[in-house]
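Since the structure comes first, as structure tokens, the remarks are kept for the end.
What follows draws every value from the coordinates through simple rules; no lab data is involved. In this text the structure is predicted, and so the values were computed from the model without any measurement. Glycine also receives a Cβ, built like all others from the backbone with ideal geometry; neighbour counts cover every protein chain displayed.
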């Protein structure tokens, strides 16, 4: 390869990395906790600290009972009363809200989390890759509690199903096949995604976006 061609290749790779890791989400929703005193459930996540800040995230549920101003978080490593949208993982990274439920739907979700989360967390044998980890926990609870939300593509471990597994997606309109090495997601909303070693590439149909394993995990419209 000539020096010129090599320079062009390096420049193209640098440009692709810059695009993928920049804020390429259109009409991104504000990161705010719902007001009022009705029941509410939030799914949120934060980027891990450097050097993992562009490739990995830590998620949690934050719940508020009806008539209360107290928020309780369900997450791997630090469940308990805590502010709903603060990065408690210590990474100081970008925080995103993926979904919010209120009212009767939130009350059912809170009851489900109180029933399902403690035994799952108590039995967890944590592995950063391929899982189970904090992203696996949120993915499992979403599906068990009938909550539909999209976690970021950089939430490594959200697609962990053991050595091999098939399930509905957390968005609720598709199915996925996952192994430690390879995975495939197909759905009306999810579009088509291929996972290699837990890293996804694909096309999200609604909201439309390219799915990439870096930065915000998507180039296109916000997924909430």
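If you go through segment 99-122 and keep only what is within 15 Å of residue 75 (Cα to Cα) and assigned to a strand (DSSP E or B), you end up with nothing. Consider segment 144-176 and keep the residues that are within 14 Å of the chain's Cα centre (by Cα) and farther than 21 Å from residue 53 by Cα. The one that is surrounded by the most Cβ atoms within 10 Å (Cβ to Cβ) is 170. A count restricted to segment 80-104 and to residues that are under 14 Å from residue 65 (Cβ atoms) and surrounded by fewer than 20 Cβ atoms within 10 Å (Cβ to Cβ) stands at 4.
Here's the yes/no breakdown for (1) under 19 Å from the mean Cα position of the chain (by Cα); (2) within 17 Å of residue 147 (Cβ to Cβ):
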position	(1), (2)
36	no, no
45	yes, yes
63	yes, yes
84	yes, yes
94	yes, no
98	yes, yes
105	no, yes
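For residues that are over 11 Å from residue 96 (Cβ atoms) and touching a helix residue (DSSP H, G or I) at 6+ places or on another chain (Cβ under 7 Å), scanning just segment 28-57, find the one that is surrounded by the fewest Cβ atoms within 10 Å (Cβ to Cβ). Among those that are over 11 Å from residue 96 (Cβ atoms) and touching a helix residue (DSSP H, G or I) at 6+ places or on another chain (Cβ under 7 Å), it is 38. For segment 121-143, filtered to residues that are under 19 Å from residue 45 (Cα atoms) and over 16 Å from the mean Cα position of the chain (by Cα), the residue that is surrounded by the most Cβ atoms within 10 Å (Cβ to Cβ) is 121.
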